[in-house]
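Shown next, in structure tokens, is the structure this report addresses.
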Amino acid sequence: MATILLQTAGSALGGFLGPVGSVIGGAVGAIAGNAIDKAIFGRRTISTPGLEGARIASADEGSPIARVYGTMRIAGSLIWATRFEEEITTERQGGKATNSSSVESRNYYANFALGLCEGEINQVKRIWADGRELDVNQYDIRVYKGDFSQLPDPLIEAKQGANNAPAYRGLAYVVFDRFPIDAFGNRIPVLHFEVTKVISSLESKIQAVTLIPGATEHGLATSQISETPNSGEQTLLNRHVSFATTDMEASLDELQNLCPNLKSIGLVVSWFGTDLRADHCKFLPKVEVNSRSAESRAWSVGSITRENADLVSSNDDILNFGGTPDDQSVMHAIVAIKSRGLKVTLYPFILMDIPSGNGLASPYGDAEQAAFPWRGRITCHPAIGEDGTADQTANAGTQMNALVGQSQISDFQIIGTSINWLGGDQSYRHMLLHYAHLAKAAADIGYSLDGFVIGSEMVALTHVRDDQNTFPFVTALCNLASDISGLLGSQTQLTYAADWSEYFGYHPQDGSGDVYFHLDELWSHPSIYAVGIDNYMPLSDWRDQDLLAENLDGFQIQNDQVALRAQITSGEGYDYYYQSSDDRKNRIRTLIDDGLNKPWVFRYKDIRSWW
């Protein structure tokens, strides 16, 4: 009241001095009046409205229980709830003066449970509230999968009393513990759930998987990595989901939910090859960009940092690959997988970053090297079968030595969980020995690797012979196996992932009729634990016309499981082969018969006889 009176009086008195005086007089009067008001009325508390008699929607008696097959988005039915919890907070306004005002705010929380469907489900992946996806990591949400041994939820038991809380066995349900409802108009929002229930028998039989693509700068990290592209703006580089803290944790959670008998993971980490010519090819870790603003953990692989790393190629500003995982992300992944009780096989992998228009001379006689070729095409120059080939010459050995390089174990230093390079080159040995030392660093902190792959599908290299008719790249793999096994010990089992057309032998297409078991030196090496085969052998020769005519291999339908099983030890690659693409098109089959009563030599499917 004093504020209003004195402001009016001050304005009137100041009016004798003109318009400006009136404004100044009114302001002075208002200040004086405000001081008098506070002295008279003292501190005031302003309260925000609360909920009066709020009601919670309840489930209808006899509501049906849904069944889920595969993955479905479903709504839940309210099966339990308490009264809303009110939280009052008081915030003082006007500084520390004794006559300052304070504002009371009320926040409301809901405790409730929603029944989903008949159990047992594999997972609840995503949750939507009023159509918006929830970041589930910000709330206390518990999922019960609906098995027949699940126990009562501790919140429900605490509210209902011991022995009074149902366990809802056989029902999948979700409990929300102190769920804030302010953003939803102080009510329980409409909730939907993405529920997965595996109905086939395949998932329960899966015991090992390979984690790909292995080309992601921070994607393997289990802690959040961020950058700040603009002031006040933060971007998470390794979180693109709302149901886990990182992409890696989301992948591992889903993998174990869907494959409950999983035992082992092959962890792929990719470097990039630069050329199909063995003596020109370098193997490099690459990045997507050469700089990131305020990167929360700097990318590095060995002694290479983001600033001095090569970039992956791009096309119209679209990257052709992700970058190489930084070393600490790989270490995170190893620790995370091992901590879940799973085995880890480290799988150094080569991607060929050779874009179109590369202008590189092709070992296969083409105008230039094919864009983004298979690593199995790396070979001597000119390639086997080409005019002037280096195969079976001393130059072939020289080219293989250039590819393999001279890096030694002494070129690496382990510092905690980081690897420092003291020397070495951009060679195949350097890449493999780098990851062997990273595996040793993991073992030093208690996370020993179970397996290590020293190469994958280098088929056009393992076939190359020198002037002594030996296979120099195979010998190089044996030497690598010895070095890595000596570093990691027998607890880490080594193998080479041979192509299915490579593992069993080499038959030069030069008319000689020669047969070489060229990988025997490697398979029988004391440091090699297993014969590894990347197996893409054909299991059927089904054509659309077989729907109207009889299939030559006895298939009744395309996915005839009995016929597919029979083809493991019969059919193409066992009984017959196609001599040309035209023969394949016309189903002209040539029987496999070497005339020496040893047809298994040419049967790539006949693993038992080869062994």
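The values are calculated or read from the model by the stated rules, or taken from the named source; none is laboratory data. Note that the structure is a prediction, hence the values are computed from the model and not measured. Methodologically, a virtual Cβ is constructed for each residue, glycine included, from the backbone with ideal geometry; neighbour enumeration extends over all protein chains shown. The area values use the complete protein model at the heavy-atom level, side chains included, leaving out ligands, DNA and RNA. Shrake-Rupley method; radii C 1.70, N 1.55, O 1.52, S 1.80 Å.
Between residue 455 and 497, the built amide H atoms are under 5 Å apart, and every one of these is 5 or more places off in sequence or on another chain.
What you get for the chain, charging only the Cβ of Lys and Arg (+1) and of Asp and Glu (-1), is a dipole of about 2600 debye around the Cα centre. Distance between the modelled labels on residue 316 and residue 190, one decimal in nanometres: 4.0 nm (7 Å Cα→Cβ projection).
Assuming charge only on the beta carbon of Lys and Arg (+1) and of Asp and Glu (-1), the dipole of segment 501-562 about its Cα centre is about 140 debye to the nearest 20. For the residue pairs 125/343; 286/440; 145/197; 263/338; 205/343; 145/343, alpha carbon separations beyond 20 Å are given by 125/343; 286/440; 145/343. Computed from phi, the 3J(HN,Hα) profile of segment 78-89 under the Karplus parametrisation 6.51, -1.76, 1.60 (θ = phi - 60°) reads 5, 10, 6, 6, 10, 5, 4, 8, 9, 10, 9, 10 Hz, with x in place of Gly and Pro. Phi angles of segment 180-195 translate, via the Karplus equation with coefficients 6.51, -1.76, 1.60 and θ = phi - 60°, into HN-Hα couplings of x, 10, 4, 6, 10, x, 6, 8, 6, x, 6, 10, 10, 9, 8, 10 Hz per residue; Gly and Pro are given as x. Which one of 164, 488, 287 has its Cα pushed farthest toward the positive end of the charge dipole of the chain, where Lys and Arg give +1 and Asp and Glu give -1 at the Cβ? Highest projection toward the positive end goes to 164.
Against the chain, whose longest principal axis comes from its Cα atoms, helix 247-258 is set at around 70 degrees. In the chain, the longest principal axis of the Cα atoms and the axis of helix 2-14 are about 80 degrees apart.
Database remark: amide H of residue 171 closer than 5 angstrom to the amide H of 119 (H placed geometrically; neighbours at sequence offset of 5 or more, or on other chains; Pro and chain starts carry no H).
Between segment 161-227 and segment 462-530, the C-alpha centres lie 45 angstrom from each other.
With θ taken as phi - 60° and the Karplus curve 6.51 cos²θ - 1.76 cosθ + 1.60 applied, the whole-hertz 3J(HN,Hα) list for segment 439-444 is 5, 5, 5, 5, 5, 5 Hz, x standing for glycine and proline.
Our estimate of slack between residue 479 and residue 230, defined as 0.36 nm per intervening residue step minus the Cα-Cα distance, is 84.7 nm.
Against the chain, whose longest principal axis is taken from its Cα atoms, helix 472-488 shows a tilt of about 50°. For segment 407-479, relative contact order (Cα pairs under 8 Å, six or more residues apart, normalised by length) works out to 20 percent. Under a 5 Å amide H cut-off, with hydrogens placed 1.01 Å from N, residue 311 pairs with 287 among residues at least 5 apart or on other chains. Estimated from helical segments only, the mean residue ellipticity of the chain at 222 nm is -7000 deg cm²/dmol, where each DSSP H run of four or more residues counts as -39500 (n - 2.57). A Förster radius of 51 Å combined with the Cβ-Cβ distance from residue 106 to residue 240 puts the calculated FRET efficiency at roughly 0.90.
Atom-type composition of the exposed protein surface of the chain places 51 percent of the accessible area on carbon and sulfur (1.4 angstrom probe).
Inter-part distance, segment 295-350 to segment 118-153, computed on C-alpha centroids, equals 32 Å. Summed over the residues of the chain and divided among them, the accessible surface reaches 50 Å² per residue at a probe radius of 1.4 Å.
Under the criterion of Cα pairs below 8 Å and six or more residues apart, the relative contact order for the chain equals 8 percent.
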